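The values are calculated or read from the model by the stated rules, or taken from the named source; none is laboratory data. The structure displayed is predicted, hence computed values, not measured ones. No Cβ is skipped: glycine too gets one built from the backbone with ideal geometry, and neighbour counts run over all protein chains shown.
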Amino acid sequence: MTDKSKGMFGGETNPSNIIPKKYTLDSKIKFRCHPGVSCFTACCGNINIILTPFDILRLRRFLNMTADEFLLRFTTPIFIEKTDMPGVKIHLDENGRCPFVTDEGCTIYAERPSACRYYPIGMANFHEGGEEGVESEQFFFVVKEDHCKGHEEDTDWTIGEWRADQGVDECDEMNKEWLELVMRRKSFGHQASLSDQAKKVFFMVSTDLDKFKELVFNSSFLDTYDVDQSILDEIQKDDIALLKFSYKYLASSLFGTNDIKIKPEKIKESSKKIKAKQSEKEAGAEDTYKELLKDRDDLIESHEKAGIRKKK
Ligand code: SF4
Ligand code: SF4
């Protein structure tokens with residue numbers, strides 16, 4: 001196995017393994033991966049499999065685990081490739097193999113992560129300058145590595161057919177908003193920088209929907225945010241709705257979008273606090289000025305007493 005970098009976006013793939021051609025959904029490829037290929041499961045080791053929040057949700061439901069249990073047992077924290085955003089990848093075993101692979105293949109195949117479904121078709125999405133309103137160019141590319149014998153199989157597909165077969169469209173739809181947060185594309189701007197505290201919130205919300213649900217329903221969250229009862233009812237019972245809501249919360253709280261509105265009284269309260277702080281600072285500055293004046297007067301007086309300076 002030579003590929004050490006089957007990244008989520010195809011970004012870490014060795015460029016020399018990418019066929020230099022732009023593919024569309026209608027482009028034809030020859031590829032088939034099945035238990036009969038000589039390389040079967042060769043690509044399930046020595047790789048970074050970054051998990052999206054949707055991957056984590058699907059996997060832990062399939063394995064019947066809480067988010068906490070799943071994260072502890074099967075993942076390692078990382079910074080997501082080419083970003084400074086925290087996330088998790090699958091924790092490989094002592095032989096560098098994915099914990100879900102056996103000689104018979106992937107034991108979680110129906111729920112396998114997005115990165116495993118995309119391979120060997122990557123998707124590029126260029127945003128010129130990363131600005132809002134600027135058209136992005138989207139195309140596909142094919143990764144062809146020596147060890148992967150699937151390219152020698154005689155099955156024809158269009159890229160669109162391959163992606164439908166792999167269930168990639170659903171992943172794209174569920175991952176899109178989160179990827180935009182990770183890449184800070186479009187509305188957030190490439191240069192938006194986050195504090196360590198904000199990154200911790202991003203990590204918690206992106207990896208542990210149980211904790212996010214706790215935050216929404218068992219903290220002062222609803223004193224601050226204005227959320228319709230119909231949305232609350234939906235996210236209470238539907239994890240996918242909760243997941244989508246979590247993206248909106250991240251966009252609002254970290255990047256200041258208006259996806260979830262802050263209650264007007266909270267805005268008033270915090271603007272009062274800001275004003276109070278400003279007045280405190282102004283009062284502090286006045287006190288300092290008065291102290292300086294007093295120090296100066298004391299100095300003048302002591303000089304006068306010592307005869308260094310004449311009284312006026
Ligand atoms: S999750 Fe399945 S397909 Fe993906 S690396 Fe592990 S065993 Fe292979
Ligand atoms: S054909 Fe390619 S994708 Fe399939 S098991 Fe072999 S290396 Fe992995």
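In region 50-127, which helices (runs of 4 or more DSSP H) lie fully inside it and hold 1 or more residues that are away from ligand 2 (no atom under 16 Å from the Cβ) and either modelled with pLDDT of 95 or more or under 19 Å from the mean Cα position of the chain (by Cα) (or both)?
53-62, 67-74
Is it true that residue 165 is part of a loop (DSSP other than H, G, I, E, B) and within 28 Å of residue 106 (Cβ to Cβ)?
Working: part of a loop (DSSP other than H, G, I, E, B): no; within 28 Å of residue 106 (Cβ to Cβ): yes.
No: the conditions fail for residue 165.
Inside region 216-225, can you point out the residues that are modelled with pLDDT under 95 and either among the aromatic types (Phe, Trp, Tyr) or part of a helix (DSSP H, G or I) (or both)?
Selection gives 221, 222, 223, 224, 225.
Would you check if there is a residue in region 254-262 being closer than 30 Å to residue 170 by Cβ and touching a Leu at 6+ places or on another chain (Cβ under 8 Å)? Even if it seems obvious, please write down each step before you answer.
Within region 254-262, the subset closer than 30 Å to residue 170 by Cβ is 254-261.
Now drop any that are not touching a Leu at 6+ places or on another chain (Cβ under 8 Å), which leaves 254-255.
Yes.
Please find, among 79, 62, the residue that is within 12 Å of ligand 1 (Cβ to nearest atom) and surrounded by fewer than 15 Cβ atoms within 10 Å (Cβ to Cβ). Don't jump to the end; show me each part of the working.
Working: 79 fails: within 12 Å of ligand 1 (Cβ to nearest atom).
Checking each option against the conditions leaves just 62.
In region 105-120, which residues are among the polar types (S, T, N, Q) and within 8 Å of ligand 1 (Cβ to nearest atom)? Lay out the reasoning, then the answer.
Filtering region 105-120 down to residues among the polar types (S, T, N, Q) leaves 107, 114.
Hit for region 105-120 is 107, nothing else.
Any residue in region 78-101 that is closer than 24 Å to residue 202 by Cβ sitting within a Cβ distance under 7 Å of a residue that is polar (S, T, N, Q) and in a strand (DSSP E or B)? List the pairs, counting only those 6 or more apart or interchain.
Cβ pairs passing all conditions: 88/75; 88/76; 89/75; 89/76; 90/75; 91/75; 91/76.
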